[in-house]
1. Count, please, the residues in region 38-53 that happen to be exposed (fewer than 15 other Cβ atoms within 10 Å of the Cβ) and within 16 Å of Pro292 (Cα to Cα).
2. Would you check which residues across region 172-201 are closer than 12 Å to Val226 by Cα and open to solvent by 10 Å² or more (accessible area, probe 1.4 Å) and list them?
3. Tell me whether region 235-243 contains one or more residues that are more than 23 Å from the chain's Cα centre (by Cα) and at pLDDT 95 or above.
4. Only one of these conditions is not met by Ser334: (1) of a type in the set (S, T, N, Q); (2) within 27 Å of Arg54 (Cα to Cα); (3) without any contact (Cβ under 8 Å) to a residue 12 or more places away in the chain. Which number is it?
5. Tell me, yes or no, whether region 41-56 has at least one residue that is among the β-branched types (Val, Ile, Thr), assigned to a loop (DSSP other than H, G, I, E, B) and either modelled with pLDDT of 50 or more or within 20 Å of Pro397 (Cα to Cα) (or both).
6. Tell me, please, whether a residue that is in a loop (DSSP other than H, G, I, E, B) and modelled with pLDDT of 90 or more can be found in region 81-93.
7. State whether one or more residues within region 182-198 are farther than 21 Å from Ala99 by Cβ, out of contact with any Gly (no Cβ under 6 Å at 6 or more places or on another chain) and assigned to a helix (DSSP H, G or I).
8. Can you run down the residue pairs with Cβ atoms below 6 Å, 6 or more apart or on separate chains, where the first is in region 54-67 and open to solvent by less than 30 Å² (accessible area, probe 1.4 Å) and the partner is of a type in the set (Ser, Thr, Tyr)?
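The values are calculated or read from the model by the stated rules, or taken from the named source; none is laboratory data. From a predicted model like this one, the values you see are computed outputs, not experimental measurements. A quick note on method: Cβ atoms are made from the backbone with ideal geometry, for glycine too, and the neighbour counts reach across all protein chains shown. These accessible areas exclude ligands, DNA and RNA; they are computed on the full protein's heavy atoms, side chains included. Shrake-Rupley method; radii C 1.70, N 1.55, O 1.52, S 1.80 Å.
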Amino acid sequence: MTAHRESYTRCTSVTGGTLTAVVFIHGTGVREPGFSALAGRVAAGLNALRGGLRVAPYYWGGAHGATLAAGGASLPPAAGTSRGPAETPADQGDDDTAAAWAALYADPYAELALAAAGSGPPTERPPGSVPQEQKLQAQLAALAAQGDAPAAELGPGLSRAATDLAAHPLLGPAAQALDPDALAALAARSLTARIIADALDADAPMVPVGDVRDAVTDRLAGALGVPPRGTERGLRSLLLRAAGSAASRAAVRRRRALTEAAHPAAGDVLRYLSRGEAVRAGLRELLAGLEPPVAIVAHSLGGIIALDTLILTPLPQVRLLVTAGSQGPFLYESGSLPSLEHPAALPPHVPDWLNLYDPRDLLGYLGAGLFPGRVTDIAVDSRQPFPAAHSAYWTNPAVYRHIVDRLP
């Protein structure tokens, strides 16, 4: 922190008054050399609109950020390896199956779409024959009429799932590409996936293990006319060609590398929420050495650090708080903000608060509804999807304009 504290220059205006100091606080997962580049970009963006600002970056990630202190000893072994004779490594077939079901939970009609995409032009049927999709629609209607009981182990939703699948526009094209057993097996997997996906969307506290899932899928397939044990073979033969199972297995085997790359972000949040006083003390020390007026500009977790510090300690030299992509309002509303519990009001000594959020940033929350008259929420659109939107604030010219317009 010392090196960064010394990286700004105290400037005075031509009339002898002290210019505004801006303390920039980074968010989760930021480490050197990335922090210096980020702080330099923020300083350049602000000074381009208002020259002479004293920019004092607060780099807390090096001293207080999360690390894997024991070199990753907490990580399970990669699939196909074992750390002890009592351990059974994961089977590659299980990885394949898990990858396929993951794709179906994301879109229960994914396999139906794949089958429909492989269908050819409509073929002429013999006079009086019933189209294959109509036979399956009748079976799905009969299954729906039984309610949710045939898949009770999965929870509610079978009747609705069967009704929706029977009306799906891709059922006809898929029927042209598959034989009756394969189509019915596909339908059974779609029904199972729909029920579990709906449960996941509803944050259900429990979902069934794979053995139960597969048994119910076999039962549904049988109700739709499939001979026993036809479902698993079809799942691997059709969906896995597009599900990226090899990529999934590689991700499991690269768990250590992925964890080491991703853990600073999640770890920083957990470490701060459990041991945040050292981070706040470092910020107070930095602020104590600055002459007013001071503005704090903070990103993501940096906004939580700044907000907690300002709530817990009156700091009259700080005249403006700017947060970008901040979870502070959400933590307050959910009872997780260390410094203030809902519905307590924001203390009067907390300065004006400008809260910038990108509508596509799923980690950016609103504060005006929680603290009426104390917070100004402004949307800044980077035109990036999440998670890129969460990291695009400091390349967005609108962000700097809104900040500079409100600097003391």
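1. Counting residues in region 38-53 that are exposed (fewer than 15 other Cβ atoms within 10 Å of the Cβ) and within 16 Å of Pro292 (Cα to Cα) gives 1.
2. Once the filter is applied, which keeps residues that are closer than 12 Å to Val226 by Cα and open to solvent by 10 Å² or more (accessible area, probe 1.4 Å), region 172-201 yields Asp179, Pro180, Asp181, Ala182.
3. Taking every residue of region 235-243 in turn, none turns out to be more than 23 Å from the chain's Cα centre (by Cα) and at pLDDT 95 or above.
4. Failing condition for Ser334: (2).
5. Looking for residues that are among the β-branched types (Val, Ile, Thr), assigned to a loop (DSSP other than H, G, I, E, B) and either modelled with pLDDT of 50 or more or within 20 Å of Pro397 (Cα to Cα) (or both), one finds none in region 41-56, hence no.
6. no
7. Let us first name the residues in region 182-198 that are farther than 21 Å from Ala99 by Cβ, namely 183-184.
Next, only the ones that are out of contact with any Gly (no Cβ under 6 Å at 6 or more places or on another chain) stay: 183.
Checking the rest, the ones that are also assigned to a helix (DSSP H, G or I) come to 183.
There is at least one residue in region 182-198 that is farther than 21 Å from Ala99 by Cβ, out of contact with any Gly (no Cβ under 6 Å at 6 or more places or on another chain) and assigned to a helix (DSSP H, G or I).
8. From residues that are open to solvent by less than 30 Å² (accessible area, probe 1.4 Å), the pairs are Arg54/Tyr8; Val55/Tyr8; Ala56/Tyr8.
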